[in-house]
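S.K.: Pasting a structure below so you can have a look.
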Amino acid sequence: MNQNPISKPLSNDQLISIHHLIDEIGSRQLQDFGQINSDIKPDGTLITECDRWSDQTIVKGLAEIAEGEGVLSEEGQKKIPRSSEYWVVDPLDGTTNFAAGIPYWAISIARFTNGQPETAVLDIPALKKRILAIRGKGVWLNNKPLKPESRFKKNSECISLCSRSIKVLQMKPEQSFPGKIRLLGVSSLNMTSVAIGQTVAALEATPKIWDIAAAWLILEELNCLIQWLDTNPKDILAGTDLTSVDFPLLTASSKDQLHKMLPWANALMQDR
């Protein structure tokens, strides 16, 4: 996203403030979980009043925590800020699950510097799990460090698909899918499942920048592979409106898994 070089990382006090902000958001979301009506946005996705409140509260909180750093969010400003550091926010990733009473959704917040995520927090309120990633320093789950090798100990055979990528099964009927299919219903968690060893690959057909922002850094810090299938988010210029821009991707835990899934990813892109 072609920004200026990194000026400075977040201070410890700023990180603590972000954790407090996410605590506030998560508490409200748990209170509203499964008990709130949803509306349909113009793009056909669901939104609740809790989505709107969460977005506004996060944007306001980040303006106080990191003054002068712009914010791009799913329910708010969708143009890439022109500040050298800025934030990308999905206040409630998995609204369909949230509104239906399915306890699997996430709060996704990432700070970008030099066009890439530099600090990311992905919180799963219902499961009381919070992942923090800092570029060049690593990843922590509930304050415990995660290591790249830890995901291989789980021996998962699962591959995550999104609701729009599952159609690849119809495109290659003569071939067996190279894994056990999982549809989690939450883009950021589909991708992060690869990083923590729940799945070995994930194919996302139409993720937006707010879907991928935090997961992107978590994946890279845990040495997972990302294959951008169309637009590379690193190439987008400041001021670009990302309302309708998708960043389809394939992510995998190893080169072997990436190669197994590439034919399926290519079939998905050919059908666009």
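Only the coordinates and a few stated rules stand behind these numbers; no lab work does. Note that the structure is predicted; figures quoted are calculated from it, not measured. Note that we place each Cβ from the backbone using ideal geometry, even for glycine, and neighbour counts take in every protein chain shown.
S.K.: Charges at C-beta only: +1 for Lys and Arg, -1 for Asp and Glu. How large is the resulting dipole of the stretch 112-186 about its Cα centre, in Debye rounded to 20?
M.R.: With Lys and Arg at +1 and Asp and Glu at -1, about 240 debye.
S.K.: To the nearest 500 deg cm²/dmol, what mean residue ellipticity at 222 nm is calculated for the chain from DSSP H runs of n ≥ 4 alone, each contributing -39,500 (n - 2.57), summed and divided by the residues?
M.R.: -10000 deg cm²/dmol
S.K.: While we're on this one: Once you order the gyration tensor axes a ≥ b ≥ c over the Cα atoms, which shape class does the chain get: rounded for a/c under 1.5, otherwise prolate or oblate by comparing a/b with b/c?
M.R.: rounded
S.K.: Which aspartates and glutamates have a Cα lying under 15 Å from the Cα of residue 8, excluding residues fewer than 8 positions away in the same chain?
M.R.: Correct list for residue 8: 67, 69, 85, 118.
S.K.: Using a Gaussian network for the chain with springs between C-alpha atoms less than 10 Å apart, which of these wobbles most: 73, 156, 165?
M.R.: Looking only at 73, 156, 165, the biggest GNM fluctuation is shown by 156.
S.K.: List the lysines whose alpha-carbon lies under 24 Å from that of residue 208, not counting same-chain residues fewer than 8 positions away?
M.R.: Correct list for residue 208: 41, 60, 78, 79, 129, 167, 234.
S.K.: Could you size up the charge dipole of the stretch 145-272 around its Cα centre, putting +1 on the beta carbon of Lys and Arg and -1 on that of Asp and Glu, and report it in debye to the nearest 20?
M.R.: That gives the stretch 145-272 a dipole magnitude of about 440 debye.
S.K.: Please get the size of the charge dipole for the stretch 13-125, origin at its Cα centre, with Cβ charges of +1 on Lys and Arg and -1 on Asp and Glu, quoted in debye to the nearest 20.
M.R.: Charge dipole of the stretch 13-125: 240 debye, to the nearest 20.
S.K.: Right, next: Can you figure out the FRET efficiency of residue 169 with residue 36, using R₀ = 35 Å and their beta-carbon distance, to the nearest 0.05?
M.R.: Calculated transfer efficiency: 0.55.
S.K.: Which angle from 0 to 90°, rounded to the nearest 10, does the C-alpha axis of helix 49-65 make with the longest principal axis of the chain?
M.R.: Tilt relative to the chain: about 60 degrees.
S.K.: Counting DSSP beta bridges with both partners in the chain, what percentage is antiparallel, nearest 5?
M.R.: Here the antiparallel bridges make up roughly 80 percent for the chain.
S.K.: Hey, another quick one. Give the long-range amide H neighbours of residue 118: residues separated by 5 or more places, or on another chain, with amide H under 5 Å away, using H modelled in the peptide plane at 1.01 Å from N.
M.R.: 111, 112, 113
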